[in-house]
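No lab work stands behind these numbers, since they all come straight from the coordinates. Given the structure is predicted, the values throughout are model-derived calculations rather than measurements. Note that each Cβ is placed from the backbone with ideal geometry, even for glycine, and that neighbours are counted across all protein chains shown.
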Amino acid sequence: MNRRSGPGRLTSDEPAIEIRDLDFRYPDGTTALLGVSMTVHHGESVALLGGNGAGKTTLALHLNGLLTPLPDRLRVVGLDVADGSNLAELRRRLQVVFANPDDQLFMPTVREDVAFGPRNLGLGRNDVADRVKGVLAAVGAAHLIDRPPHRLSTGEKRRVALATSLAMDPDLLVLDEPSAGLDPGGRRQLVELLRPLAQTRLIITHDLALAAALCPRSVVMEDGRIVADMATETLLSNGELLEHHDLAPGLGEPSTATGTRLGQQPVSHPDPGHYDREPPLSAERAARQGE
Ligand SMILES: Nc1ncnc2c1ncn2[C@@H]1O[C@H](COP(=O)(O)OP(=O)(O)OP(=O)(O)O)[C@@H](O)[C@H]1O
Ligand SMILES: [Mg+2]
């Protein structure tokens, strides 16, 4: 259930995302989605998992209408995505943060980039300035406000890209690989930032610890289809299923969630508290946040 109310807010009558038998083929003939059906309810936080090329980003591109579904196959925040007249409203209420932050940042300074959306919503100058400062502080990027986005590190860009989306105060957040390129402190901070948010969330990730920390439910895609939809805890305790769908950590890489390495028996209990046990933010980062 959506925890917020007021004009323009979601009601609990319609799901946040409703996908019915969605197919998609790219112009070169690659089939990327095949019979995808799923429902995400208000207030849910759902992980969308799957190996490379499974169709996750293609699905995200449909959610905000960058790729157009057939009528009645996809409703987001109660709007039919196929109906072009809904797109402006849809893109205000749904924010998709794409994997490559360069796709999202285009203004000369971070301040202007984050202000861009709220300004277009018609907010007054002071309200825009307050919102910009608030969301940048929330993502630990207050100190970057006057920097040119194209000169930031990947992790810094990622935080600013998230801030540009939060600045729109959306009902629904879709994050494509939000923890990629973040340092361990940045990943912890991301979890701490996302956990209390009121927005319904769909988090596309290969980071099982992130899924465990933030998403009670996980949906797994493979070859354009949904092949599993279950409690994250159940999924992470099933080493065979993880291996089968290319989700298990590989080649000597330490596990982020299950404690498995390739060729070893997975532990039988997932570790959703992984991030909780990390040391607190460094004093330096905390000081920078306060700037
Ligand atoms: N512009 C495109 N033109 C043709 N095929 C594409 C295009 N973009 C993606 N694909 C193909 O569509 C399929 C799904 O790709 P998609 O990017 O949705 O996967 P993904 O699950 O996001 O993978 P990853 O984890 O690597 O980001 C893949 O087979 C991919 O090669
Ligand atoms: Mg992708």
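Descending by average beta-carbon neighbour count within 10 Å, the peptides 39-47, 22-30 line up as 39-47, 22-30, the highest first. Which of rounded, prolate or oblate describes the stretch 133-222 when judged by the alpha-carbon gyration tensor and an a/c cut-off of 1.5? Since a/c reaches 1.5 and a/b is larger than b/c, the shape of the stretch 133-222 is classed as prolate. On the basis of the beta-carbon distance and an R0 of 35 Å, Tyr26 and Asn120 show a calculated FRET efficiency of 0.70. Using the Cβ atoms and a cut-off under 12 Å, what net charge is assigned to the surroundings of Asn52, where Lys and Arg are +1 and Asp and Glu are -1? Summing Lys/Arg as +1 and Asp/Glu as -1 gives -3.
The modelled label-to-label distance between Asn52 and Ser153, using points 7 Å beyond Cα along the C-beta direction, is 2.4 nm. Summarising the strand pairing of the stretch 17-289, around 50 percent of its internal DSSP beta bridges are antiparallel.
Both radii were evaluated on the Cα set of the stretch 17-289; the Rg over Rh quotient, with Rh as the Kirkwood radius, amounts to 0.97.
Taken along its three principal axes, the alpha carbon spread of the stretch 14-127 comes to 47, 31, 27 Å, from the longest extent down to the shortest. Hey, how many Å between the Cα centroid of the stretch 219-236 and the Cα centroid of the stretch 13-79? The stretch 219-236 and the stretch 13-79 have Cα centres separated by 14 Å. Per-residue extension of 0.36 nm, minus the Cα-Cα distance of Asp72 and Ala231, leaves a gain of 54.5 nm for this segment.
Computed from point charges on the beta carbon alone (+1 for Lys and Arg, -1 for Asp and Glu), the dipole magnitude for the stretch 17-289 about its Cα centre is near 880 Debye.
Between Ser45 and Arg201, Arg217, the built amide H atoms are under 5 Å apart, and every one of these is 5 or more places off in sequence or on another chain. The gain in end-to-end length when the Asp146 to Asp130 segment is fully stretched comes to 4.3 nm, 0.36 nm per residue minus the alpha carbon separation.
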